[in-house]
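Before any comments, here is the structure.
The values are calculated or read from the model by the stated rules, or taken from the named source; none is laboratory data. All values derive from a computational prediction rather than experimental measurement. Glycine gets a Cβ as well: all are built from the backbone with ideal geometry, and neighbour counts include every protein chain shown.
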Amino acid sequence: MKMRLHPLYKKFLLLAVVLGPLYWLTLTEDGQLRVDSVLLTLAGEPELNLTIEGLNSELTEAQFHQLFPDLALDCAPAATPFGDRACRVEIGLFNTLPARAFTLYLVGDRARAARVDYRPRSQGALEGQLRHRLGLSGQRDPDHPDAQVWQVADGLVLMPAIRPKDPSQAALFWLSAAALDQVKEGGAVSR
C-alpha cells in the first residue's frame, strides 16, 4: 500500500519546518542569545570561560595570563575600593553568553575583585547558570538590597536582582573576602 499525504498537509508541514526555527531564532530570548553568540564567535570576539566563583585572592596576574593566554589584559593604576590596579579586556562571550568586558582588580599582584560586564539580554541565562552552579541565591543581603548574592569559598558573587535598563549597570561581580573586609573598614586599599 502506497502512503500519500494530502498536499495541504505537506504545505503546512513544510511551513512549520521552515518557520519554526526562524520564529525561535528571532522571537525568543534563547534563540536571540544563541544567534548573538554565533555572530560574536564568527566576528572573532574573544571568549572567557571562567567559573567566577572559583576565583580567589591568591590568584596572581601571571597565573591569570597562564590560564587565559589569548586574552590581553590592559592594566593601569586605579584608585578603587577593590584594588590599586585594574586590568580590563574587551570580550565577546562570557561562559557562552554575550558580554562586553572583564575587569580584574588587583592589590599588588593579587586578585581582590572581578567584574564581568554582560549584555542586559543575557541576565536570565547568566542567572540560570549561577543558580545551577551555586544554588538559589539566599535572602537579599541588607547591604545589597538590589542584588542577588551568592556566598562562595572566597567572598561573594553579586549581580542585579532585575534586568538593568542601563547597560552599564549589567555587571556580575566577584568580591574576595579581603576586598569585602577592606570596603567595610572604609579604608584605603592595603597590600
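Residue-by-condition table, conditions (1) surrounded by 12 or more Cβ atoms within 10 Å (Cβ to Cβ); (2) of a type in the set (S, T, N, Q); (3) modelled with pLDDT under 85:
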residue: Met1; (1), (2), (3): no, no, yes
residue: His6; (1), (2), (3): no, no, yes
residue: Leu15; (1), (2), (3): no, no, no
residue: Trp24; (1), (2), (3): yes, no, yes
residue: Leu27; (1), (2), (3): no, no, yes
residue: Leu40; (1), (2), (3): yes, no, no
residue: Glu47; (1), (2), (3): yes, no, no
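Please determine whether any residue of the range 56-78 is surrounded by fewer than 20 Cβ atoms within 10 Å (Cβ to Cβ) and touching a Phe, Trp or Tyr at 6+ places or on another chain (Cβ under 6 Å). No, because not a single residue in the range 56-78 is surrounded by fewer than 20 Cβ atoms within 10 Å (Cβ to Cβ) and touching a Phe, Trp or Tyr at 6+ places or on another chain (Cβ under 6 Å). When the range 96-113 is filtered for residues that are in contact with a Leu (Cβ under 7 Å, 6 or more places away or on another chain) and within 15 Å of Ala170 (Cβ to Cβ), the ones remaining, listed by number, are Leu97, Pro98, Ala99, Phe102.
Of all residues in the range 94-120, those satisfying the criterion of being on the phi < 0 side of the Ramachandran plot and of a type in the set (Ser, Thr, Tyr) are Thr103, Tyr105, Tyr118.
Of the residues making up the range 92-112, just one is of a type in the set (Gly, Ala, Ser) and either over 17 Å from Phe68 (Cβ atoms) or assigned by TED's automatic domain parsing to the domain that holds Val35 (or both), namely Gly108.
Taking strands (runs of 3 or more DSSP E) as the structural unit, those lying wholly within the range 19-135 and holding at least 3 residues that are closer than 21 Å to Leu156 by Cβ and small (Gly, Ala, Ser) correspond to 110-118.
Given Ala111, Ala179, which one is modelled with pLDDT of 90 or more and among the aliphatic types (A, V, I, L, M)?
Details: Ala179 fails: modelled with pLDDT of 90 or more.
Among Ala111, Ala179, only Ala111 is modelled with pLDDT of 90 or more and among the aliphatic types (A, V, I, L, M).
If you go through the range 141-157 one residue at a time, do you hit one that is at pLDDT below 95, under 11 Å from the mean Cα position of the chain (by Cα), under 30 Å from Leu27 (Cα atoms) and assigned to a loop (DSSP other than H, G, I, E, B)? For the range 141-157, residues at pLDDT below 95, under 11 Å from the mean Cα position of the chain (by Cα), under 30 Å from Leu27 (Cα atoms) and assigned to a loop (DSSP other than H, G, I, E, B): absent.
When the residues of the range 58-82 are filtered to those that are out of contact with any Pro (no Cβ under 9 Å at 6 or more places or on another chain) and among the small types (Gly, Ala, Ser), which remaining residue is modelled with the lowest pLDDT? Top of the filtered list is Ala79.
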